[in-house]
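Engineer: Questions regarding the structure given below will be posed in turn.
The values are calculated or read from the model by the stated rules, or taken from the named source; none is laboratory data. Everything quoted here is computed from the prediction, not taken from an experiment. In this analysis, Cβ positions are derived from the backbone assuming ideal geometry, glycine residues included, and neighbour counts consider all displayed protein chains. These accessible areas exclude ligands, DNA and RNA; they are computed on the full protein's heavy atoms, side chains included. Shrake-Rupley method; radii C 1.70, N 1.55, O 1.52, S 1.80 Å.
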Amino acid sequence: MKKLGTKGFTLIVVFLVIAGLGYYIHLNNKSSSRRDVSKKTEKDILLDYDFENDYPKTVRETVKLHCRYLKSAYSGEFTEDELFKVNQQMRNLFDDELLEFNTSEMQLQNLKDEIKLYEDSKWKFVSYSLAEASQVENNTEDGKEYAKIKVTIILNMESSRVSTDEEYILRKDGEGYWKIMGWQVVKNKEAENEGEAK
């Protein structure tokens, strides 16, 4: 067996050091890209949401995403320019009938008015909770699938915390996506009963 000279030994050591550094840099880049993804804020996620490749699969997921947009908007997280994009993003969740009834400009103005109302009234959108999947009401009319789901929204109003119930109505479109037709505040049954008792 031939003996390695000093030059040969040095070359092997240099090669091993370069290979080790290359592997270290590769691992470091992988972990930093993972950190970049996890550093994304809710605002960033909503502004960049990819509806084409990641449209919500269920009634609950569709309404939950809409609530996420509203919570962030009412909390004043978006700039004026970002609100325009957020408005366009939310429209991806809406049924054609709602889009037809609600022009982009009208919807954006309504959103701005509601945000101003929250600011002026010092209201804070604290949280929301959706009915379980088993509580979603489904029905079919004229070959179209519809669904209703209740959402409870918690607001801070000055020193008190208030909850309000809203009911969303959705319809499945031709591509199988659940689209929001509208939503409205519904009376809380407990509050109704208290009113009757008085």
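Engineer: I'd like the Karplus ³J(HN,Hα) series for the stretch 72-86: coefficients 6.51, -1.76, 1.60, θ = phi - 60°, whole numbers in Hz, and an x wherever there's a Gly or Pro.
Structural biologist: My calculation for the stretch 72-86 gives 5, 5, 5, 7, x, 7, 9, 6, 4, 5, 5, 4, 4, 5, 4 Hz in order.
Engineer: List the GluC sites (Glu not before Pro) in the stretch 137-169 that DSSP assigns to loop (not H, G, I, E or B) and whose Cβ has at most 16 other Cβ atoms within 10 Å. Which are they?
Structural biologist: Loop-located and lightly packed - Glu158.
Engineer: For the pair Lys64 and Glu119, how long in nm is the line joining their label points, each one 7 Å along Cα→Cβ?
Structural biologist: My value for the distance between the label points is 3.1 nm.
Engineer: Still on this structure, please answer the following. Report, in debye and to the nearest 20, how large the dipole of the stretch 124-188 comes out about its Cα centre when Lys and Arg carry +1 and Asp and Glu carry -1 on their Cβ.
Structural biologist: Dipole about the Cα centre, nearest 20: 220 debye.
Engineer: Would you please give the FRET efficiency between Leu99 and Lys187, computed as 1/(1 + (r/R0)^6) with r the Cβ-Cβ distance and R0 = 41 Å, to the nearest 0.05?
Structural biologist: According to the calculation, E is roughly 0.90.
Engineer: So, one more: In whole Hz and in residue order, list the ³J(HN,Hα) couplings for the stretch 118-135 that follow from phi through the Karplus curve 6.51 cos²θ - 1.76 cosθ + 1.60, θ = phi - 60°; x for Gly and Pro.
Structural biologist: 4, 4, 4, 8, 6, 8, 10, 7, 7, 6, 8, 9, 9, 4, 5, 4, 5, 9
Engineer: Note the full-extension length gain between Tyr146 and Glu175 as 0.36 nm times their separation in residues minus their Cα-Cα distance, in nm to one decimal.
Structural biologist: Result for the pair: 9.0 nm of gain on full extension.
Engineer: Under the rule a/c < 1.5 gives rounded, and otherwise a/b versus b/c splits prolate from oblate, where does the stretch 54-198 land using the Cα gyration tensor?
Structural biologist: Verdict is oblate for the stretch 54-198.
Engineer: Could you work out what % of the accessible surface of the stretch 66-139 is carbon and sulfur, using a 1.4 angstrom probe and leaving DNA, RNA and ligands out of the count?
Structural biologist: Of the solvent-accessible surface of the stretch 66-139, carbon and sulfur hold 49 percent.
Engineer: I would also like to ask the following. Could you order peptides 168-179, 124-135 by the average number of other Cβ atoms within 10 Å of their residues, highest first?
Structural biologist: Per-residue mean Cβ counts within 10 Å order the peptides as 168-179, 124-135.
Engineer: Of the listed peptides 42-51, 91-100, what is their order by residue-averaged count of other C-beta atoms within 10 Å, with the highest listed first?
Structural biologist: Result, highest mean first: 91-100, 42-51.
Engineer: Then there is this: Along the charge dipole of the stretch 95-175, which of Gln109, Phe125, Ile169 sits closest to the positive end, that is, farthest toward it, with unit charges on the beta carbon of Lys, Arg, Asp and Glu (+1, +1, -1, -1)?
Structural biologist: Farthest towards the positive pole: Phe125.
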